[in-house]
1. Looking at the structure I just gave you, is Ile310 among the aliphatic types (A, V, I, L, M) and at pLDDT 95 or above?
2. Condition check: of a type in the set (A, V, I, L, M, F, W, C), in the same structural domain as Glu33 (by TED's automatic domain parsing) and in a loop (DSSP other than H, G, I, E, B). Does Val90 satisfy that?
3. Give just the number: which of (1) under 17 Å from Pro297 (Cβ atoms); (2) out of contact with any strand residue (DSSP E or B) (no Cβ under 6 Å at 6 or more places or on another chain); (3) of a type outside the set (Lys, Arg) does Asn378 not satisfy?
4. May I ask you to say which residue of Thr313, Thr284, Thr241, Thr274 is under 25 Å from Val192 (Cα atoms), surrounded by fewer than 22 Cβ atoms within 10 Å (Cβ to Cβ) and free of Cβ contacts under 8 Å to residues at least 24 places away in the same chain?
5. Hey, Thr284 hits all of (1) at pLDDT 95 or above; (2) closer than 20 Å to Thr261 by Cβ; (3) not in a strand (DSSP E or B) but one; which does it fall short on?
6. Any residue at all in the range 316-325 that is over 14 Å from Asn257 (Cα atoms) and either in the same structural domain as His254 (by TED's automatic domain parsing) or touching a His at 6+ places or on another chain (Cβ under 8 Å) (or both)?
7. Only one of Gly269, Gly249 is touching a residue at least 40 places away in the same chain (Cβ under 8 Å), among the small types (Gly, Ala, Ser) and surrounded by fewer than 20 Cβ atoms within 10 Å (Cβ to Cβ); which?
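The values are calculated or read from the model by the stated rules, or taken from the named source; none is laboratory data. Because the structure is predicted, anything quoted here is derived from the model rather than measured. Here the Cβ positions follow ideal geometry from the backbone for every residue, glycine too, while neighbour counts run over all protein chains shown.
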Amino acid sequence: MANNMQKRLMLKEMQLESLFETISAINANKSEEDLYTIYKLTLSSNPSITNLALYVIDEDDQVYHRFVNYGTHDNQLTQSLPPIFTELEVRAPITNPPNGFTAFDTIIPIKHKNDVLAYALVGSAEGRDDFKDESFTEALTNIILVAIENKKLARKEEVQKEMKKQLEIASHVQHMLFPKELPYGEDVPVSVHASYMPHHSIGGDYYDYVKLSDTKFLMSIADVSGKGAPAALLMSNFQGTIRAMARRGTDLEHIVNEANTQILESAEGESFITAFFMEFDLSTGILRYINAGHNPPFMYRNGQFERLEIGTTILGSFPNLPFLEIGEIDNLHQFFVFGFTDGFTETYNDEDEELGDEKLQEFLEANIDFQQKEMHENLISLLNTFKGHQAYADDITLLSCKIDLEKA
């Protein structure tokens, strides 16, 4: 009797020592690998444990991977946890072990916030029940796993903080890239107005107005495939290319070809951009444009609407654009151009109906005499009413330009 009591006392002392060492390692911020090693050494030093395997779930693939392995069982056959074990949520004896798992007699699920983080499989030595303590094994596994889970959460928080910081920087940079001021008013020859609604804090839409001379300007609108920081970064590079070349006096054809090359090199074919470029010379009344796979803007002149479709394909998908044509309209004195990104027309309502180009044209026809700012506000109000309870699925940009040379 005294001998058994001494053994139990020795066991408790060993357990207290092990817990102290484990908690000290956790407080010292030891690595996950170190914690797993301490766990393995602690339990393998118990003479009642002959086999041990710890399977921890991977959050990405939701599969239990083996992180601790000790004993005489078949190392290859026990690499993966059999699905039959994942049905258990409380400690239980293993009565019908699958092939390769006959050396284990107990399975211990480790739960954290109602989710099973891991399974510990234990094989016991015959005749060593005096050192057997499954409650301690479960408690130690819990301590180790919760500590490792906290480490993972801390890493996630750090990553999220860094991502938030990067997004804030990217958002700030993106807003700096948009034109700080657009020519606007009722009594000016050139009036430009833009509305921008990013789906997230940063988006992949872009618009610009670049004054090339006293009588000439370049206006553009674009949409990059994808969302978030990568889309915003690609769009900022795109904008830099356009502005730099436009201010050097580069013609439209060369601007578009250079932009295509720059996008292909930057995105390596993984993203593309649709864009519309319009150049107008007030002194000649000539408008030149290229539509690079973008939603064709509406043009209103002489009491009629038309679409500006001439140009090329999307940018960033081909080393050399397969075709490129420049649209040209002359003898223009009064006209209106309305450009938009597909986030507007591809918004759906509660009946799964798309807004579409037809409804947009109907609106423009009915509101053509409105001031641009009011027109944009009414359009956004129309879209909010149309979508009902549905969320916006993409960035939305509206860009309009009204020319009246009689006001020059």
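1. Details: among the aliphatic types (A, V, I, L, M): yes; at pLDDT 95 or above: yes.
Taking the combined requirement at face value, the residue satisfies it.
2. Working: of a type in the set (A, V, I, L, M, F, W, C): yes; in the same structural domain as Glu33 (by TED's automatic domain parsing): yes; in a loop (DSSP other than H, G, I, E, B): yes.
Criteria met by Val90.
3. It fails just one condition, (1).
4. Values: Thr313 fails: under 25 Å from Val192 (Cα atoms); Thr284 fails: free of Cβ contacts under 8 Å to residues at least 24 places away in the same chain; Thr274 fails: free of Cβ contacts under 8 Å to residues at least 24 places away in the same chain.
After ruling out the rest, the residue left standing is Thr241.
5. (2)
6. First pass over the range 316-325, keeping only residues over 14 Å from Asn257 (Cα atoms): none.
No, there is no match, as no residue in the range 316-325 is over 14 Å from Asn257 (Cα atoms) and either in the same structural domain as His254 (by TED's automatic domain parsing) or touching a His at 6+ places or on another chain (Cβ under 8 Å) (or both).
7. Values: Gly249 fails: touching a residue at least 40 places away in the same chain (Cβ under 8 Å).
After applying the criteria, what remains is Gly269.
Conditions tested, residue by residue: (1) more than 21 Å from Tyr39 (Cβ to Cβ); (2) at pLDDT 85 or above.
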| residue | (1), (2) |
| --- | --- |
| Pro97 | yes, yes |
| Ala103 | no, yes |
| Phe131 | no, no |
| Ile143 | no, yes |
| Glu149 | no, yes |
| Lys156 | yes, yes |
| Glu168 | yes, no |
